[in-house]
Amino acid sequence: MADIKSETIQGGRPGSGAHRVVALCGPYLSGKTSLLESILYATGAIGRRGSTRAGTSIGDGAAEARKRGMGTEINVASVDYLGDQWTFLDVPGSVEFQHDALAALAVCDAAVLVCEPSPERVAALAPLLKVIEDHHIPHIFFVNKIDSAEVRVRDMLAALQSVSTRKLVLRQVPIRNSTKDGGEETVGYVDLVSERAYRYRSSGASDLIEMPAEILPREAEARREMLETLSEFDDTLLEQLIEDIAPEKSLIYRDLHDEFGADKIAPVLLGAGDRENGVRRLLKALRHDTPFVAETAERRGLAADGAVAAECFKVLHQSHAGKLSLCRVWSGALAEGQSIGGQRIGTLLRPFGQRLDKVASAGAGEVIALAKVDPLSAGQTLTSDGIAPTADFPAPEPPVFALSVTARNRNDEVKLSGALHRIVEEDPSLSFEARGETHELLLKGQGEMHLKVAVDKLAGRYNVAVETATPRVAYRETIQGGTQQHARYKRQTGGHGQFADIKVEIKPLPRGAGFRFVDRVVGGVVPRNFIPAVEEGLIDYLKEGPLGQPVVDLEVTLFDGQYHSVDSSEMSFKMAARIALTEALPKCKPVLLEPILKVTVAAPSDSTPRIQRLISGRRGQLLGFDARPGWTGWDEVSALMPEAEIADMIVEIRSVTQGIGTFRTEFDHLQELVGRTAERIVEETRKRAA
């Protein structure tokens, strides 16, 4: 393989010690963390493989991840393999924590998409695969758990091709033996380039064996398909196939390297991460084909001219180390005590799971944590010119789930605000806001589990216990009829008294018109300087009408009144205005208004009928559906839905879409709500007020 291009490419070559970064990504339960554990063991980074079930793995080491047995944030581990330096980024599989996956993909040289040998679950790869392909990230499919596969590899390959726009290249075919119960088990594989057969061991490198005679026809067919795919990009190989000339292995390796680096093909490898099966074959493929840092910087349009450039892709807050900015160094070198762009570099730390190892310097390609560079956050790059946003860093998805949070101890309210800022800086797909209409503090995110983990972080890392509740809907109320009202406010105390007398006419306005005040006073029956006080009193009352909600869409006309030259004041006319509405609005047939949102649900096309039934069952009005722009095999379903029906809708959407469906909303209009639902809301509002 001495003639393959990876020996002379810009930025490094295998065995040169250059540092490369690989993201391990894939759906929840695909086995990424077990695969990372085997990679660390195979490269000698750890002396014993840990277990995710036992809570002894390097990955998923955070307390929140251990508690749930699932990834909740990026896990980082750097290793040495055959003279090369590697950093593996094991990212969460759940779509609720996908922003960490997107951040890791932004800074990696290549990605390994880990999937189970189940065609039915291939659709779960779509969201990540779309990002990978849109950004032209070289990627390998690793079909995990192959030892227990019950499906033919060719069927799995066809399923993967249905969601991939890149040509798939199968690199191995499995060797299977019959079992006592009449089934089959995968015991090894044939490498289609070298045409060598290997038998898996329960641990350690596979054994080279003589190729079984029964596998020869399938191996020849699969190898022919691999070569035909590669020949689409190489005229020399195409000519050799046409002339029935056996191509040199070096030519095949070169084509695999070139087309992989150019993101024209996606190799498919087989293995079982929890048993080390296929792990060394994966490592060798990565070693020979993964681009180096300069090539990745060029792909992303980043400067790699030797000047220092470090991109932050994740922030961590540690009780002992303070703020850590997790960065990829694109060029130049960082050293402790160095000043760059007006920022002094403090301690440099290399993450390895939950461990942080202090280092003196970090060079191009490395992933490093910078301690206490407080201005540097995810999505920003530090250079000699200072800190600037990274143009193509992924933006967080809009929130789809929210909880109302209150500090369990009222003395912790200030501490809660600071803790929320920190967890949002760690995970920008979280957000929080004070909702004035309902007087609540809302924590928003990508799903129920996402927010439960955030609440656990508040309690466990920041010692702020919170109570959570479903957010209240910002209802409004309006009137259906009009009336005239005479109101007098008169108080007699020692000295000056209080006096104001007004007559107003009230009538409803069209939906969305808001509140309108009209002054039709003539003859000075209400002095001009008191009229603004009347309007102020009206507005003050409209914050909470007879049904307990803010009142909208009505007009109040002031047309008559009286005043006293001594006892009248702005306050007395303001009080008279409140009395007028207090007495008048119950006569105007008040009615509750609920907010109606326009909802757009994105889901795989085979889930569209279930999504439509879900929407209809939640008082939704379907507007139609269409293909999701830029997404093969996905639809967008549009509907008008009451806000009250959307609070937990994402849970049901995810349950019918293998966990990958999502939605976005925008306010559309207010709609009258009557009947038992309205009565219940009014009663609940009165109880809260009491």
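Below are the figures for this structure:
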| quantity | calculated |
| --- | --- |
| Qualifying residue in region 403-412 (condition: surrounded by fewer than 20 Cβ atoms within 10 Å (Cβ to Cβ) and β-branched (Val, Ile, Thr)) | yes |
| Residue under evaluation Leu585, criteria (1) within 28 Å of Leu554 (Cα to Cα); (2) at pLDDT below 95; (3) hydrophobic (A, V, I, L, M, F, W, C), criterion not met | (2) |
| Answer residue from region 190-225, given it is among the small types (Gly, Ala, Ser) and not in a loop (DSSP other than H, G, I, E, B) and is nearest to the chain's Cα centre (by Cα) among those | Ala222 |
| Those residues of region 495-536 which are among the charged types (D, E, K, R) and either within 16 Å of Ser565 (Cα to Cα) or crowded, with 18+ Cβ neighbours inside 10 Å (or both), in sequence order | Asp501, Lys503, Arg528, Glu535 |
| Close pairs from region 48-65: first without any contact (Cβ under 8 Å) to a residue 24 or more places away in the chain and within 19 Å of Arg461 (Cα to Cα), partner of a type in the set (S, T, N, Q) and outside any helix (DSSP H, G or I), Cβ under 6 Å, at least 6 apart | Ala65/Thr72 |
| Among (1) surrounded by fewer than 20 Cβ atoms within 10 Å (Cβ to Cβ); (2) assigned to a strand (DSSP E or B); (3) among the β-branched types (Val, Ile, Thr); (4) in contact with an Asp or Glu (Cβ under 8 Å, 6 or more places away or on another chain), the one test that Thr468 misses | (4) |
| The listed residue being under 30 Å from Ile137 (Cα atoms), touching a helix residue (DSSP H, G or I) at 6+ places or on another chain (Cβ under 9 Å) and in contact (Cβ under 8 Å) with a residue 12 or more places away in the chain, out of Asp385, Asp501, Asp427, Asp456 | Asp427 |
| Among the candidates Asp385, Asp392, Asp305, residue that is touching a His at 6+ places or on another chain (Cβ under 8 Å) and farther than 23 Å from Leu458 by Cα | Asp392 |
| Region 260-279: number of residues that are closer than 15 Å to Asn144 by Cβ, modelled with pLDDT of 95 or more and either in contact with a Cys (Cβ under 8 Å, 6 or more places away or on another chain) or assigned to a helix (DSSP H, G or I) (or both) | 1 |
| Residue in region 596-611 that is within 23 Å of Glu679 (Cβ to Cβ), among the charged types (D, E, K, R) and either touching a helix residue (DSSP H, G or I) at 6+ places or on another chain (Cβ under 9 Å) or not assigned by TED's automatic domain parsing to the domain that holds Leu542 (or both) present | no |
| The listed residue being surrounded by 15 or more Cβ atoms within 10 Å (Cβ to Cβ) and either in a helix (DSSP H, G or I) or modelled with pLDDT of 95 or more (or both), out of Glu295, Glu228 | Glu295 |
| Tabulated pairs, region 218-242, first in the same structural domain as Ile252 (by TED's automatic domain parsing), second in a helix (DSSP H, G or I) and of a type outside the set (A, V, I, L, M, F, W, C), C-beta under 6 angstrom, 6+ apart or interchain | Leu230/Asp255; Phe233/Glu259; Asp234/Asp255; Leu237/Ser231; Leu238/Ser231; Leu241/Ser231 |
| Every residue from region 429-444 that is out of contact with any strand residue (DSSP E or B) (no Cβ under 6 Å at 6 or more places or on another chain) and either assigned by TED's automatic domain parsing to the domain that holds Asp60 or surrounded by 17 or more Cβ atoms within 10 Å (Cβ to Cβ) (or both) | Ser429 |
| Residue within region 626-648 that is without any contact (Cβ under 8 Å) to a residue 24 or more places away in the chain, of a type in the set (Phe, Trp, Tyr) and either in contact with a Ser or Thr (Cβ under 8 Å, 6 or more places away or on another chain) or outside the structural domain of Leu673 (by TED's automatic domain parsing) (or both) present | no |
| Failed criterion for Asp385 (all others in (1) over 24 Å from Arg299 (Cβ atoms); (2) surrounded by fewer than 16 Cβ atoms within 10 Å (Cβ to Cβ) hold) | (1) |
| Any strands (runs of 3 or more DSSP E) falling wholly within region 515-629 and containing at least 2 residues that are of a type in the set (D, E, K, R) | 515-519, 554-562, 590-604 |
| Failed criterion for Gln318 (all others in (1) in contact with a strand residue (DSSP E or B) (Cβ under 7 Å, 6 or more places away or on another chain); (2) of a type in the set (S, T, N, Q); (3) crowded, with 21+ Cβ neighbours inside 10 Å hold) | (3) |
| Residues located in region 32-56, provided they are buried (at least 24 other Cβ atoms within 10 Å of the Cβ) and either acidic (Asp, Glu) or under 26 Å from the mean Cα position of the chain (by Cα) (or both) | Lys32, Thr33, Ser34, Leu35, Leu36, Glu37 |
| Residue within region 369-380 that is in contact with a Leu (Cβ under 7 Å, 6 or more places away or on another chain), within 21 Å of Phe97 (Cβ to Cβ) and hydrophobic (A, V, I, L, M, F, W, C) present | yes |
| Residue within region 57-79 that is within 20 Å of the chain's Cα centre (by Cα), closer than 30 Å to Arg152 by Cα and modelled with pLDDT of 95 or more present | no |
| Selection count where residues are buried (at least 18 other Cβ atoms within 10 Å of the Cβ) and within 30 Å of Phe530 (Cα to Cα), scope region 579-609 | 7 |
| Pick from region 143-183, criterion outside any helix (DSSP H, G or I) and without any contact (Cβ under 8 Å) to a residue 24 or more places away in the chain, ranking: nearest to Ala266 (Cα to Cα) | Arg152 |
| Cβ-Cβ under 9 Å pairs, at least 6 apart or on other chains, region 677-690 side within 12 Å of Tyr475 (Cα to Cα), far side of a type in the set (Val, Ile, Thr) | Ala678/Val591; Ile681/Val473 |
| Within region 649-676, tally of residues that are of a type in the set (A, V, I, L, M), farther than 26 Å from Lys589 by Cβ, touching a residue at least 60 places away in the same chain (Cβ under 8 Å) and not in a helix (DSSP H, G or I) | 1 |
| Residues located in region 306-332, provided they are within 22 Å of Gly353 (Cβ to Cβ) and part of a loop (DSSP other than H, G, I, E, B) | Ser319, His320, Ala321 |
| Region 333-352, residues that are in a loop (DSSP other than H, G, I, E, B) and surrounded by fewer than 20 Cβ atoms within 10 Å (Cβ to Cβ) | Glu336, Gly337, Gln338, Gly341, Gly342, Gly346, Thr347 |
| Tally of residues being closer than 30 Å to Met449 by Cα, at pLDDT below 95 and either touching a His at 6+ places or on another chain (Cβ under 7 Å) or among the basic types (Lys, Arg) (or both) across region 654-690 | 2 |
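The values are calculated or read from the model by the stated rules, or taken from the named source; none is laboratory data. On a predicted model such as this, the values are computed, not experimentally measured, just so you know. Counting neighbours? That spans all protein chains shown, and the Cβs are built from the backbone with ideal geometry, glycine included.
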